[in-house]
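Asker: To start, I am sharing the structure in question, which I have written as structure tokens.
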Amino acid sequence: MKKTSADVLPAGGGSGNEPLLAVDDLHVEFHTRAGVVRAVNGVSYTVRAGETLAVLGESGSGKSVTAQAIMGILDMPPAVIPKGEIRFKGTDVLKLSERDRTQVRGERIAMIFQDALSALNPVFTVGWQISEMFRVHRGMSKGAAMKKAVELMDRVRIPAAKQRVHDYPHQFSGGMRQRIMIAMSIALDPEVLIADEPTTALDVTVQAQIMELLAELQRESQMGLILITHDLGVVADVADKIAVMYGGRIVENAPVHDIYKAPAHPYTKGLLDSIPRVDQKGQELYAIKGLPPNLLSMPTGCAFHPRCPYRQENCVTDTPPLYEISGTRGSACHYWREVLDGERQ
Amino acid sequence: MSNPTPLDGPGLEEGKTMVADAPAAPAPGREGRRRHAKKEAKPASLWTDAWHDLRRRPMFIISVIIILILLVMAVWPSLFTSIDPFDARTCDLSAARQGPGPGHLFGRDNLGCDLYARTIYGARNSIVIGVLTTVLTAIIGGLFGIFAGYRGGAIDTLASRITEVFFAIPSVLGALLIASTLRGKYNSILLVILALSVLGWPMVYRIMRAAVITAKSQDFVVAAKALGAGSGRIMFRHLLPNSLASVIVVATINLGTYIAAEAALSFLGVGVQSPDISWGLMIADARDRFITAPLPLVFPALFLSITVLAFIMMGDAVRDALDPKLR
């Protein structure tokens, strides 16, 4: 008999306090010709059912690599996971066989990609691609699967879904394509949905619609949502908590309102200060000085120290742990108190 | 666009935008939808658009008509001639090398057999060899290409080095070697197909592998994987359709060259053997007396050239239609 994802992982609501998905001290390295690139250095975060975690960070901070490690879509080699656990309802998915992981993908944990045009197969109609999910995982007939595809396209608010199932990806606008990608990813009612910069390729008004749709789908199905983004504006409305990543580590995590009120890490503070504001008209926009770290040769101590306005001598030598500020909040800065209290510069 | 109506015919050029006259002259039904799709300046789908493009190419239409006639000729040669060239009684040695005349459209060959009937019957072997070799090389090269391209690593390195060995062998010379070594052990037609396939698959392999490597790195393959597709599904549902275009193109062009290679092998005496008939064999038989009686060589050579030309023309047209950059 064919194994289903329920054989691989426990079904049902999960036990009491255990979060849906827990990433624990994850390390990911890429072994390249130029040397070992440590893309993720000990990332930990958790997502509960119905909760939205926003993972924030600039390019190369390791946010996408973490997501790909959760999905198990990293090319290994060159990628290596030397350390860490990814627990889905208590089961470490990294220890599952490749066959079992394929069962988990799409069924229990699904993912949305940044550019929906390139994430959809150009030679098949969107209906074919959505219904493929049902045919492969549920063994449905072509007709029944197509019907479900139309239902799903209705659910993600694609107008005239019945006619448009027979269209090809390029015949849709960017926002509609992302809706199709979302329809595909929620087809099998996954418990965790990872959205890797789902709105980056879209214009601002469409971004808001897509985020609204995601939030709504999440409310309906109580799935855990991991929202990977570098856009602080997108995060504020939908996220419950935020994890800020820098140089492959989480430098600050906190409930969303705490972070916007008072950041506890100089990098977060820099990000918030560089958002353009209406009352700043005419003034020069703040920018974090320097460049993101080269992952091949990370700075010693705190990876942010070459760019940090709060830098002291020990930042160059001592790597800060994730200091606990409160039960729900942490900051990987030796001087988080100063940052928290500090006047905006 | 002050007067859109005359422009709104099938002769309208592709690149032209239809935005302006869309409300003025809405084209009816399916045609209208296609136009609508054109607005985005991208094909409706690879295949429908290629087909749309091909239908308007005279080169494609002519070559397809020629190929269809040849196929009918290969399957039902008796439709074209009432003479059975395998029947020795239809030959008349005393009338050898007779010129064209009533009842014998192309005249007679060295042995006094009807040249027209033999040329018609020769189409079958030439086309069977061409088509089967193409199919065989496409399957072998295509499968190896997908696996090597998708898996990469050691399998890819090994397969690529093996094909390089084959590339180092000049194909007619290699086929000559294979066919002459195994001569007599197998059916001569089968042998020609085998020899040409063994030397022909590395080319398809290379093209398939390159296409798969390009397709593999695209997001939709990663997305398919992230949504739970297994390796087999990724290879045959996502990579294959996106890589097939270039293979089909090379295959159609190769088909013509395989027919020519069959003629070359038969001409050299290791291909199709008498009493089977093939154009290459006929050319070989006629060459000794070419100066005094050129026609027994000219007619099969003419048919061969037209066939090869038709397939190469078709392959060329298909390539142009499938590659947007060449439009």
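Asker: What number in nm² do you get for the protein assembly as shown if you take the convex hull of its Cα atoms and divide its surface by four?
Answerer: Details: hull surface 164.7 nm².
Taking the Cα atoms of the protein assembly as shown, their convex hull projects to 41.2 nm² on average.
Asker: Run the accessible area of the range B:211-300 with a 1.4 Å probe and give the carbon-and-sulfur part as a rounded percent.
Answerer: Working: 2100 of 3290 Å².
Solvent-exposed carbon and sulfur of the range B:211-300 make up 64 percent of the total.
Asker: Starting from the 7 Å offset along Cα-to-Cβ, what nm value, one decimal, do you get for the label separation of residue B:187 and residue B:82?
Answerer: 3.1 nm
Asker: Among the residues of the range A:69-87, which ones have their accessible area go down by 30 Å² or more when all the protein chains sit together, as opposed to their chain alone (1.4 Å probe)?
Answerer: Residues shielded by partner chains are A:73.
Asker: Determine how many Å³ per residue the convex hull of the Cα atoms of the range B:142-181 encloses. Please list the in-between numbers first.
Answerer: On the way: hull volume 3.0 nm³, N = 40.
Dividing the Cα hull volume of the range B:142-181 by its residues yields 74 Å³.
Asker: Would you mind calculating the relative contact order of chain A from Cα pairs under 8 angstrom and at least 6 residues apart, reporting the percent as a whole number?
Answerer: Numbers: 637 pairs, mean separation 67.6, N = 345.
Contact order relative to length: 20 percent.
Asker: Shifting gears a bit: Output the relative contact order of the range B:58-326, whole-number percent, from Cα pairs under 8 angstrom with separation of 6+ residues.
Answerer: Values: 394 pairs, mean separation 66.0, N = 269.
The value is 25 percent.
Asker: Once the Cβ-Cβ distance between residue A:221 and residue B:177 is put in as r, and R0 is 41 Å, what FRET efficiency do you end up with, to the nearest 0.05? Walk me through the intermediate numbers first.
Answerer: Details: r = 66 Å, r/R0 = 1.61.
E between residue A:221 and residue B:177, to the nearest 0.05, is 0.05.
Asker: Straight-line reach from residue B:216: which aspartates and glutamates fall under 15 Å, measuring Cα to Cα and dropping same-chain residues less than 8 apart?
Answerer: Straight-distance partners of residue B:216: A:75, B:156.
Asker: May I ask for the net charge around residue B:147, where only other residues with Cβ less than 13 Å from the Cβ of residue B:147 are counted and Lys, Arg are +1 while Asp, Glu are -1?
Answerer: Numbers: positive: B:151, B:209, B:216; negative: B:156.
Summing Lys/Arg as +1 and Asp/Glu as -1 gives +2.
Asker: Rank A:256, A:136, A:23 by mean-square fluctuation in a GNM of chain A with C-alpha springs under 10 angstrom and give only the top-ranked residue.
Answerer: Largest GNM mean-square fluctuation: A:136.
Asker: List the accessible area buried at the contact between A and B, summed over both sides and calculated with a 1.4 Å probe, in Å² to the nearest 100. List each step's numbers first, then the result.
Answerer: On the way: alone 16500 and 17420 Å², together 31680 Å².
So the buried area, both faces added, is about 2200 Å².
Asker: Related question: Please report the net charge: other residues with Cβ closer than 14 Å to the Cβ of residue A:121, K and R +1, D and E -1. Walk me through the numbers before you get to the answer.
Answerer: On the way: positive: A:177, B:216, B:225, B:233, B:237; negative: A:115, A:132, A:167, B:219.
Local charge sum for residue A:121: +1.
Asker: Further, regarding this structure: With 5 Å bins from zero, work out the P(r) of the range B:58-326 over every alpha carbon pair and list the percent per bin.
Answerer: Reading upward from the zero bin: 1, 6, 11, 14, 15, 14, 12, 9, 6, 5, 3, 2, 1, 1, 0, 0.
Asker: Report for the protein assembly as shown the percent antiparallel among DSSP-assigned beta bridges with both residues inside it, nearest 5. Walk me through the numbers before you get to the answer.
Answerer: Working: 32 of 51 bridges.
Percentage antiparallel, nearest 5: 65.
Asker: How much of the DSSP bridge set in chain A is antiparallel, in percent, rounded to the nearest 5?
Answerer: Working: 30 of 49 bridges.
In chain A, DSSP labels about 60 percent of beta bridges as antiparallel.
Asker: So between residue A:326 and residue A:163, what do we pick up on full extension, going 0.36 nm a residue minus the alpha carbon distance?
Answerer: 53.4 nm
Asker: Could you pull out the longest piece of chain A with no exposed loop trypsin sites (Lys or Arg not before Pro) in it, calling a site exposed if DSSP puts it outside H, G, I, E, B and it has at most 12 other Cβ atoms within 10 Å? Mind showing how you got there, number by number?
Answerer: Details: sites that count: A:2, A:3, A:33, A:277, A:281, A:289, A:344.
Value returned for the longest uninterrupted segment is A:34-276.
Asker: Per residue, how many Å² of accessible area does chain A show with a 1.4 Å probe? Walk me through the numbers on the way to the answer.
Answerer: Working: 15450 Å² over 345 residues.
Heavy-atom SASA per residue in chain A reads 45 Å².
Asker: How far, in nm, would the chain grow between residue B:151 and residue B:298 when pulled straight, counting 0.36 nm per residue and subtracting the alpha carbon separation?
Answerer: Details: separation 147, 0.36 × 147 = 52.92 nm, distance 5.03 nm.
This chain segment gains 47.9 nm when fully extended.
Asker: Between residue A:275 and residue A:240, what FRET efficiency comes out of the Förster formula 1/(1 + (r/R0)^6) with R0 = 25 Å and r the beta carbon distance, rounded to 0.05?
Answerer: Working: r = 20 Å, r/R0 = 0.81.
Rounded to the nearest 0.05, the efficiency is 0.80.
Asker: Add -39500 (n - 2.57) for each DSSP H run of 4 or more in chain A, then divide by its residues: what number comes out at 222 nm, to the nearest 500 deg cm²/dmol?
Answerer: Roughly -9500 deg cm²/dmol at 222 nm, from the helical runs in chain A.
Asker: Using the structure shown, list the pairs from A:83/A:269; A:142/A:162; A:95/A:241; A:83/A:289; A:148/B:225; A:241/B:225 with a Cα-Cα distance above 24 Å, or answer none.
Answerer: Values: A:83/A:269 30 Å; A:142/A:162 15 Å; A:95/A:241 28 Å; A:83/A:289 32 Å; A:148/B:225 21 Å; A:241/B:225 28 Å.
Violating the 24 Å limit, Cα to Cα: A:83/A:269; A:95/A:241; A:83/A:289; A:241/B:225.
Asker: In the range B:172-206, which trypsin sites (Lys or Arg not before Pro) fall in coil by DSSP and have 12 or fewer other Cβ atoms within 10 Å?
Answerer: Details: sites: B:183, B:185, B:206; in loops: B:183, B:185.
Loop-located and lightly packed - B:185.
Asker: Related question: Taking K and R as +1 and D and E as -1, what net charge do the other residues with C-beta under 14 Å from the C-beta of residue A:146 add up to?
Answerer: Values: positive: A:135, A:138, A:142, A:147, A:148, A:162, A:164; negative: A:132, A:151, A:154, A:167.
Neighbourhood net charge equals +3.
Asker: Moving to a separate point now. For chain A, would you read off the P(r) tail past 34 Å as a percentage of all alpha carbon pairs? Show your work: numbers first, answer last.
Answerer: Values: 16744 of 59340 pairs.
Cα-Cα pairs in chain A separated by more than 34 Å: 28 percent.
The values are calculated or read from the model by the stated rules, or taken from the named source; none is laboratory data. Quantities reported herein were computed from a predicted structural model and do not represent experimental measurements. Using ideal geometry, Cβ is built from the backbone for each residue, glycine included, and neighbour counts are taken over all protein chains shown. To get the accessible areas, we keep the full protein, side chains included, count just its heavy atoms, and leave off ligands, DNA and RNA. Shrake-Rupley method; radii C 1.70, N 1.55, O 1.52, S 1.80 Å.
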